[in-house]
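The values are calculated or read from the model by the stated rules, or taken from the named source; none is laboratory data. Bear in mind that the values here come from a model prediction, so they are computed numbers and not experimental data. Reconstructed Cβ throughout: ideal geometry from the backbone, glycine too, with neighbour counts over all protein chains shown.
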Amino acid sequence: MSSPPTTAPSVPAPAGRAGAVPRLRGRPRHTPSRPRRSVPLTVLTGLVLLYSLVPLAWLVISATKTQRGLADSFGLWFSGDFALWDNIVETFSYDDGVFTRWLLNTLLYVVVGAGGATLLAVLGGYALAKFSFPGKRAVFGVVIGAVAVPGTALAVPTFLMFSRMGLTDTPWAVIIPSLISPFGLYLMWVFASQAVPAELLEAARIDGAGETRTFFQVVLPLLAPGIVTVLLFTTVATWNNYFLPLIMLKDPDWYPLTLGLNSWNAQAATAGGEAVFHLVITGSLVTIVPLIAAFLLLQKYWQSGLAAGSVKE
């Protein structure tokens, strides 16, 4: 026997018009991959970008001009003579090539000072993040307080202390203060607490690895993004350091690039001094090229390092 035909249960029509078909819910217009557009935020971002790029564009354009061209042409456009290469050659040869000496001095301060500050920040940040010891909270308070104190407030006491020790007008007067980076220590502290699992350290210790081997073979690769971030920050701070060398150094042979270019810039105000503004501008352009290259080449590392600790698990 054939079974009687079955009928589907009737679905009550929604309130409102009789027989209206319910509409399916559409996809949201704004998603994380397709964020909502904000006109004020876009305009503000464009203004900030313009504010950042206009000085750089002026520097690049002005570096192509001669001394006379700087005064006779519009600042944001090229003059008749394109003298970039001639300016670079003259910058490195002017005054018996003292610019090269200043460049080497800056590299010395960066390699020893910024490199040492990064090493100390890595060691201290890892120890504070993964070891417990009496006075740890007090150390945390000191680090936070040191971050809040501006470097200029410590310049005069540092000068008096180094003067008592007879270290002024020597490279050590610039290198030793550069070894201390409270912000770098705090950043490595936060990064190490998130990037290095405690279970991984316990596994390494159970396998018989000592603390030194564990640090270099297990911890150090995990801290690479944070190390690059701290290294970039300390490098920029040391490379652009002006006030500390100004009060510590008198011998031009130990000047960094910041003081050296300032002395060239001040020549026009001295009696019988030669105005070399085109060399100051070209030297400034040469000075920022290594920093721009470092940020571009290490971009993926320092961006991930800055994001450490932003998400709480």
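Taken over the stretch 31-86, the residue count meeting the criterion of being part of a loop (DSSP other than H, G, I, E, B), within 19 Å of Leu279 (Cβ to Cβ) and either among the aliphatic types (A, V, I, L, M) or in contact (Cβ under 8 Å) with a residue 40 or more places away in the chain (or both) is 4.
Restricting Leu154, Leu104, Leu128 to residues that are of a type outside the set (D, E, K, R), more than 17 Å from Leu232 (Cβ to Cβ) and modelled with pLDDT of 95 or more narrows the list to Leu104.
Highlighted here are the helices (runs of 4 or more DSSP H) found entirely within the stretch 102-182 that include at least 2 residues which are touching a Pro at 6+ places or on another chain (Cβ under 6 Å) and touching a residue at least 24 places away in the same chain (Cβ under 8 Å): 136-148.
Cβ separations smaller than 6 Å between residues 6+ apart or across chains give the following pairs from the stretch 274-293 residues that are touching a residue at least 12 places away in the same chain (Cβ under 8 Å) to residues that are small (Gly, Ala, Ser) and assigned to a helix (DSSP H, G or I): Ala275/Ala268; Ile281/Ser62.
Residue-by-condition table, conditions (1) closer than 25 Å to Ile288 by Cβ; (2) at pLDDT 55 or above:
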position	(1), (2)
Val11	no, no
Pro28	no, yes
Ser33	no, yes
Arg36	no, yes
Val43	no, yes
Thr64	yes, yes
Gln67	yes, yes
Leu70	yes, yes
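For Ser73, the conditions (1) surrounded by fewer than 17 Cβ atoms within 10 Å (Cβ to Cβ); (2) more than 30 Å from Gly226 (Cβ to Cβ) are fulfilled apart from (1).
Which fully enclosed helices (runs of 4 or more DSSP H) of the stretch 193-249 have 3 or more residues being farther than 25 Å from Ala155 by Cα and touching a residue at least 12 places away in the same chain (Cβ under 8 Å)? Filter on the stretch 193-249 gives 198-206, 224-239.
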